[in-house]
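Heads up: the structure comes next, in structure tokens.
Any read-out appearing in this document is the output of simple, stated calculations on the displayed coordinates, not a laboratory observation. Since the structure is predicted, the reported quantities are computational estimates derived from the model, not experimental observations. All Cβ positions, glycine included, derive from the backbone under ideal geometry; neighbour counts span all protein chains shown.
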Amino acid sequence: MFNKFDVLETIDMIEREHLDIRTITMGISLLPCVRGSGEETAQAVYDTVCAKAKNIVRVAEQLSGEYGIPIVNKRVSVTPVSLICAAFPQAAPAVGRALDYAAHELGIDFLGGYSALVHKGMADYEEAFIRSIPELLATTERVCSSVNIGSSKSGINMDAVRLMGEVVKETAERTKEQDGLGCAKLVVFANAVEDNPFMAGAFHGVGESGTVINVGVSGPGVVKHALENIPDANLNDAAETIKRTAFKITRAGQLIAKEAAKRLNAEFGIVDLSLAPTPVMGDSVAHILEELGLECVGGHGTTAALAMLNDAVKKGGVMASSHVGGLSGAFIPVSEDIGMIEAAQKGLLHIDKLEAMTAVCSVGLDMIAIPGKTPATTISAIIADEAAIGMINNKTTAVRVIPVPGKDVGDSVEFGGLLGRAPIMPVNPTDSSRFILRGGRIPAPIHSNKN
Amino acid sequence: MRAVVTVTGKDKKGIIAKVSSFLAERGVNVEDISQTILQDYFAMIMLVDIADLNVELSELAKECDDLGREIGMSIRVQHEAIFNAMHNI
């Protein structure tokens with residue numbers, strides 16, 4: 001018989017503290033779909049995705065019923081489309097639309113992989129592909145896009161950084177009726193990972209096998225609740241409590257991932273043990289930091305508290321899963337975290353502090369609404385700064401900012417659902433264009449030479 | 001194969017009888033029961049054998065949820081693996 005307190009603890013975590021499996025993501029290789037023409041390739045992509053993932057929603061619902069734990073999202077990631085369309089880049093939007101149809105057919109909310117990897121150089125076909133992103137995001141609903149523009153091993157491709165500033169602006173412009181929502185589906189990475197189950201940055205790397213199940217767990221509410229029980233503990237004990245909690249959360253993810261892989265005829269890939277917030281009360285990473293003793297996220301001490309949280313989550317999670325991967329850490333998407341939204345509204349959380357925070361947690365400047373008038377070169381410069389943090393610290397960083405057309409500081413924007421809402425955050429008004437327009441490549445750092 | 005049934009809510013008469021006969025009709029055998037009452041708050045945990053279950057486990061979970069609503073309690077059925085995973089190394 002189980003210890004009854006353990007049983008009741010699990011139930012409390014699920015029912016009161018929002019413990020859930022955030023996503024089951026099936027990674028599908030599209031490499032076997034390449035045909036002699038764009039149309040045939042698009043058809044093969046649609047057929048393959050629909051066939052491989054046809055049971056993903058049913059299986060997720062079944063598992064959720066059997067284990068009594070909510071599985072919030074069912075998603076698919078695919079091989080970067082720029083690779084599939086290298087021979088006919090003009091057909092990339094057709095493949096993107098085929099993916100959107102497939103997502104509708106499967107009943108999944110997002111499908112990631114309209115992506116390109118240009119961290120060292122950008123071929124003509126890749127540039128053409130990247131230029132197709134704004135239109136694709138404006139004309140499809142569920143396809144997500146990402147571009148990797150730098151890595152610790154290769155440096156930062158500043159030509160791609162410059163281009164991505166323009167692409168982000170154009171995407172916002174083309175989706176201006178929805179306040180630039182297209183940008184919520186577009187991530188610019190440095191050190192992108194090949195097995196990330198979380199959107200919008202998921203794609204299926206070429207080093208992966210044919211069909212893989214990656215699972216993202218969550219549970220900021222569970223961690224906060226555990227800390228509420230030890231309000232006067234020192235930080236050794238707080239870190240220990242976070243570790244233990246992360247262990248339990250990740251074990252639930254590992255169980256679901258293995259079972260889902262078996263039932264979906266796929267390989268078990270990784271568990272991503274991220275603390276992913278939602279705009280719902282009680283599901284906030286910011287509130288964990290405040291529980292640790294900060295008056296408000298964004299204040300002095302925030303970076304230290306976040307560093308400890310991120311590290312403790314990893315330490316607890318690593319032992320709980322046979323394969324940990326993806327982004328694994330604490331996410332800080334501003335519009336998706338009620339505590340972050342409140343701090344930003346009060347003017348206590350700024351983009352500079354967020355940038356510092358991204359040096360010690362997973363991912364980067366995420367879901368931040370900025371003035372629509374922000375120049376493309378400034379967005380490129382924001383991307384370059386984040387990429388530099390990722391490159392030097394050997395970690396993934398990303399930028400997902402939304403320059404909301406027609407809105408400025410003082411306004412706010414509502415994306416709805418999991419994407420949440422955000423006040424427009426000011427950016428530094430000075431001009432960085434001469435730096436960005438230089439182009440070229442920032443060389444890889446000295447510590448990348450490890451061979 | 002085993003599952004854990006938990007029943008929580010305000011204490012009232014006949015809960016165990018109702019839940020166990022409901023489970024028996026579906027081929028579920030109760031192996032162990034533990035219950036606690038804390039100031040009117042009733043929490044019962046049953047370890048049950050589901051080898052002869054005559055419906056799908058997720059279906060049983062749904063039916064128990066409905067029964068819970070009917071009698072004003074919260075009833076959950078979960079495969080034991082989730083508790084093993086989270087609380088045993």
Determine the dipole magnitude for the stretch B:2-87: charges of +1 sit on the beta-carbon of Lys and Arg, -1 on that of Asp and Glu, nothing else is charged, the reference point is the Cα centre, and the result goes in debye to the nearest 20.
320 debye
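Taking every DSSP beta bridge with both residues inside the protein assembly as shown, roughly what % is antiparallel (nearest 5)?
On the way: 41 of 74 bridges.
Bridges in the protein assembly as shown that DSSP calls antiparallel: roughly 55 percent.
Nearest 0.05, what FRET efficiency do A:Glu228 and A:Lys153 give at R0 = 60 Å with Cβ-Cβ as r?
On the way: r = 42 Å, r/R0 = 0.70.
Approximately 0.90, to the nearest 0.05.
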Each label sits 7 Å from Cα toward the beta-carbon; between A:Ala123 and A:Leu437 the label points are separated, in nm, by 3.1 nm
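Could you pull out the GluC sites (Glu not before Pro) across chain B that fall in loop regions by DSSP (anything but H, G, I, E, B) with no more than 15 other Cβ atoms inside 10 Å?
Working: sites: B:Glu25, B:Glu31, B:Glu56, B:Glu59, B:Glu63, B:Glu70, B:Glu80; in loops: B:Glu56, B:Glu80.
Counting only loop positions with at most 15 other Cβ atoms within 10 Å, the GluC sites (Glu not before Pro) in chain B are B:Glu56.
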Counting only residues 5 or more apart in sequence or on a different chain, those whose built amide H sits under 5 Å from that of A:Val78 are A:Ile28, A:Gly112, A:Gly113, A:His204
Say each of B:Ala17 and A:Glu39 gets a label point 7 Å from the Cα, pointing the same way as Cα to Cβ; how far apart are those two points in nm?
7.3 nm
Given a Förster distance of 51 Å, the FRET efficiency implied by the Cβ-Cβ spacing of A:Ala304 and A:Ala86, rounded to the nearest 0.05, works out to 0.65
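Please say if the stretch A:140-202 is rounded, prolate or oblate, where rounded means a/c under 1.5 for a ≥ b ≥ c the square roots of the C-alpha gyration tensor eigenvalues, and otherwise the choice is prolate for a/b larger than b/c and oblate otherwise?
Working: a/c = 3.85, a/b = 1.41, b/c = 2.72.
Oblate shape, in that a/c is at least 1.5 and b/c is the bigger or equal ratio.
Once the piece of chain linking A:Glu61 and A:Asn393 is laid out straight, how much longer is it, given 0.36 nm per residue of separation minus the C-alpha distance between them? Show your work: numbers first, answer last.
Details: separation 332, 0.36 × 332 = 119.52 nm, distance 3.92 nm.
Computed gain between A:Glu61 and A:Asn393 is 115.6 nm.
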Cα→Cβ-extended label distance, 7 Å offset, between B:Ile71 and B:Val30, nm:
0.9 nm
Sorted largest first, the C-alpha extents of chain A along its principal axes in whole angstrom are 61, 51, 50
How large is ³J(HN,Hα) for each residue in the stretch B:16-29, as worked out from phi by the Karplus curve 6.51 cos²θ - 1.76 cosθ + 1.60 (θ = phi - 60°), to whole Hz, x for Gly and Pro?
4, 4, 4, 5, 6, 6, 4, 5, 4, 4, 9, x, 9, 10
Please list, ordered by chain and number, the residues whose modelled amide H lies under 5 Å from the amide H of B:Glu80; skip anything fewer than 5 residues away on the same chain.
B:Arg2, B:Ala3, B:Val4
What would the Debye formula give as log10 I(q)/I(0) at q = 0.11, 0.13, 0.14 Å⁻¹ for the alpha-carbon point model of the stretch A:191-324, no solvent?
-0.43, -0.58, -0.66
Directionally averaged projected area (convex hull, Cα atoms, the stretch B:2-87), nm²:
5.4 nm²
Put in order of increasing Cβ neighbours within 10 Å, starting from the fewest, B:Ser34, A:Ser64 give B:Ser34, A:Ser64
Of A:Lys54/A:Lys185; A:Lys185/A:Lys450; A:Lys120/A:Lys395; A:Lys243/A:Lys353; A:Lys258/B:Lys18; A:Lys373/A:Lys395, those spanning more than 27 Å from alpha-carbon to alpha-carbon
A:Lys185/A:Lys450; A:Lys258/B:Lys18; A:Lys373/A:Lys395
Chain A, relative contact order [Cα under 8 Å, separation at least 6], %:
18 percent
A:Gly420 long-range amide H proximity, modeled H, under 5 Å:
A:Phe415
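In debye, nearest 20: dipole of the stretch A:15-153 around its Cα centre with unit charges on the Cβ of K, R (+) and D, E (-)?
With Lys and Arg at +1 and Asp and Glu at -1, about 280 debye.
Hey, what did the stretch B:2-87 get for relative contact order, percent, Cα under 8 Å, at least 6 apart?
Numbers: 128 pairs, mean separation 36.0, N = 86.
Relative contact order comes out at 42 percent.
How do A:Asp6, B:Asp40 line up, fewest other C-beta atoms within 10 Å first? Intermediate results must be reported in sequence, preceding the final value.
Details: A:Asp6 16, B:Asp40 9.
Ascending number of Cβ neighbours within 10 Å: B:Asp40, A:Asp6.
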Between A:Met319 and A:Asn449, what is 0.36 nm times their sequence separation minus the Cα-Cα distance? Round to one decimal in nm.
43.8 nm
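In deg cm²/dmol and to the nearest 500, what is the mean residue ellipticity at 222 nm of the protein assembly as shown if only DSSP H runs of at least 4 residues count, each as -39500 (n - 2.57), divided by the residue total?
Working: 19 runs with 226 residues, N = 540.
Taken over the protein assembly as shown, the calculation gives -13000 deg cm²/dmol.
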Just want the answer: with Cβ charges of +1 for Lys and Arg and -1 for Asp and Glu, which residue in A:Val409, A:Asn229, A:Asn214 is farthest toward the dipole's positive end in the protein assembly as shown?
A:Asn214
Which of B:Leu60, A:Leu137, A:Leu348 comes first, and how do the rest follow, when ranked by fewest Cβ neighbours within 10 Å?
A:Leu348, B:Leu60, A:Leu137
Would you mind working out the magnitude of the charge dipole of chain A relative to its Cα centre, with +1 at each Lys and Arg C-beta and -1 at each Asp and Glu C-beta, to the nearest 20 Debye?
960 debye
Dipole of chain A (Lys/Arg Cβ +1, Asp/Glu Cβ -1, origin at the Cα centre): which of A:Gly38, A:Thr171, A:Cys50 lies farthest to the positive side?
A:Gly38
Using the Karplus equation 6.51 cos²θ - 1.76 cosθ + 1.60 (θ = phi - 60°), what ³J(HN,Hα) coupling, rounded to whole Hz, does each residue of the stretch A:182-188 give in order, writing x for Gly and Pro?
x, 5, 6, 9, 9, 10, 9
Hey, what do the phi angles of the stretch A:43-57 turn into as Karplus ³J(HN,Hα) couplings, whole Hz, using 6.51/-1.76/1.60 and θ = phi - 60°, x for Gly and Pro?
5, 5, 4, 4, 4, 5, 5, 5, 6, 5, 9, 4, 9, 4, 5
